[in-house]
Amino acid sequence: MSLPKRVKIVEVGPRDGLQNEPIPLSLETKIALVEKLVDAGLSVVEVGSFVSPKWVPQMAGSAEVYAGIQLRAGVSYPMLVPNLKGMESALAAGVQEIAIFAAASETFSQKNTHCSIAESFERFAAVMQQAQAHQIKVRGYVSCVLGCPYEGEIAVEQVAAVAGQLYDLGCYEVSLGDTVGVGTPLKAQAMITAVAKRIPIEQLAAHFHDTYGQGLANLFAVLQLGVATMDSSVSGLGGCPYAKGASGNVATEDLLYMLNGLGIETGVDMAKLLAASRFISASLGRSPASKLGKILAP
């Protein structure tokens with residue numbers, strides 16, 4: 001079995017992790033979380049999103065959070081941008097990397113962004129034009145790659161088509177998201193195999209939720225195919241406001257434990273990561289949701 005020697009972990013806790021939390025957090029707490037995650041050695045930390053606070057209240061103040069972070073060389077701090085208005089906010093904030101998101105499901109696209117998949121790409125064209133003009137890197141997300149809460153199973157050809165469009169648009173990396181966490185290892189491998197026919201596997205990332213307890217198994221399955229970028233969320237924070245029943249992302253500390261056990265390099269310090277997990281869990285008034293956080297709780 002051939003595995004990558006190194007895996008890049010993309011920490012999505014401050015955005016995808018917190019966006020569905022009912023407890024509002026202060027700007028200071030959000031800034032401190034990002035700083036602690038970077039201190040732990042994570043080289044990519046998704047900070048927030050320029051979406052309407054009416055729809056996602058927890059993401060209010062994302063520009064202020066970005067302004068409050070002490071940016072470090074060699075670390076990426078992407079922000080999610082849904083449309084041209086969000087892009088204008090990103091430019092005003094001085095953001096150097098953004099993420100855009102599409103869905104492999106027509107129904108989910110309508111529920112999540114109030115437009116069809118085709119219309120979402122019309123919006124992205126204007127965003128990409130601005131990003132390229134200002135030399136801003138763009139990462140792409142595809143939702144519902146292993147199933148949709150409204151349509152059920154999604155054909156791998158549809159996933160590959162949407163992912164391929166993002167890649168052709170200019171996304172340097174495309175993250176494939178099992179938004180509702182219904183995938184299983186063989187289905188995850190089949191999906192990656194299909195998408196890798198359109199996009200080099202080196203430019204693919206896996207973003208799996210753990211709703212049915214399959215997250216780590218699915219990540220290990222695609223790791224065997226050569227996927228070496230994985231999204232995760234500190235303390236297993238997360239969920240999707242538009243996908244009923246979707247629980248958190250795979251916990252970063254649980255993913256790190258698996259990768260350490262496989263002898264795969266990440267550059268992440270477990271003790272500091274667990275400290276960040278305890279910090280954000282305490283800020284939310286609960287114990288860490290990760291397996292490791294529960295076992296190693298002080």
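The values are calculated or read from the model by the stated rules, or taken from the named source; none is laboratory data. Since the structure is predicted, the reported quantities are computational estimates derived from the model, not experimental observations. Note: ideal-geometry Cβ built from the backbone for every residue, glycine included; neighbour counts use all protein chains shown. Protein only, heavy atoms only, side chains kept; ligands, DNA and RNA dropped before computing areas. Shrake-Rupley method; radii C 1.70, N 1.55, O 1.52, S 1.80 Å.
Restricting attention to the chain, close to 5% of DSSP beta bridges with both partner residues there are antiparallel. For the chain, modelled as a GNM whose springs connect Cα atoms under 10 angstrom apart, the maximal fluctuation among G152, G215, G248 occurs at G152.
If the viscosity is 0.692 mPa s and the temperature 37 °C, what Stokes-Einstein diffusion coefficient in µm²/s follows for region 8-296 when Rh is the Kirkwood radius over Cα pairs?
Numbers: Rh = 18.5 Å.
Using the Kirkwood radius from Cα pairs, D works out to 177 µm²/s.
Compactness check for region 108-159: Cα Rg over 2.2 N^0.38 Å is 1.35. Once all protein chains are placed together, K272 keeps about 110 Å² accessible to a 1.4 angstrom probe.
Based on Cα contacts under 8 Å between residues 6+ apart, the chain shows a relative contact order of 21 percent. Taking square-rooted eigenvalues a ≥ b ≥ c of the alpha carbon gyration tensor, is region 14-140 rounded, prolate or oblate, where a/c under 1.5 means rounded and, failing that, a/b exceeding b/c means prolate? Cα axes put region 14-140 in the oblate bin.
How large, in percent, is the carbon and sulfur part of the accessible surface of region 1-150 at a probe radius of 1.4 Å?
Answer for region 1-150 is 52 percent, counting heavy atoms of protein chains only.
Relative to the Cα centre, what is the charge dipole magnitude of the chain, using +1 at the beta carbon of each Lys and Arg, -1 at the beta carbon of each Asp and Glu, and rounding to the nearest 20 debye? Before the final figure, lay out each step's value.
Working: 22 positive and 26 negative charges, 68 e Å.
Once rounded to the nearest 20, the dipole reads 320 debye.
The accessible-area ordering, largest first, of the residues K30, K137, K294 stands as K294, K137, K30, per a 1.4 angstrom probe. Each of L146, T193, L256 was scored by the projection of its Cα onto the charge dipole of the chain, and the greatest displacement toward the positive side belongs to L256; charges sit on the C-beta of Lys, Arg, Asp and Glu. Using 0.36 nm per residue and subtracting the Cα-Cα separation, the extra length available between A155 and E64 on full extension is 28.8 nm.
Per residue, region 8-296 exposes 39 Å² of accessible surface when a 1.4 Å probe is rolled over the protein heavy atoms with every protein chain present. One Cα centroid belongs to region 1-43, the other to region 215-229; the line between them spans 19 Å. What whole number of Å gives the distance from the Cα centroid of region 47-90 to the Cα centroid of region 247-271? That distance is 25 Å. The 1.4 Å probe gives accessible areas that order E97, E202, E35, largest first, as E202, E35, E97.
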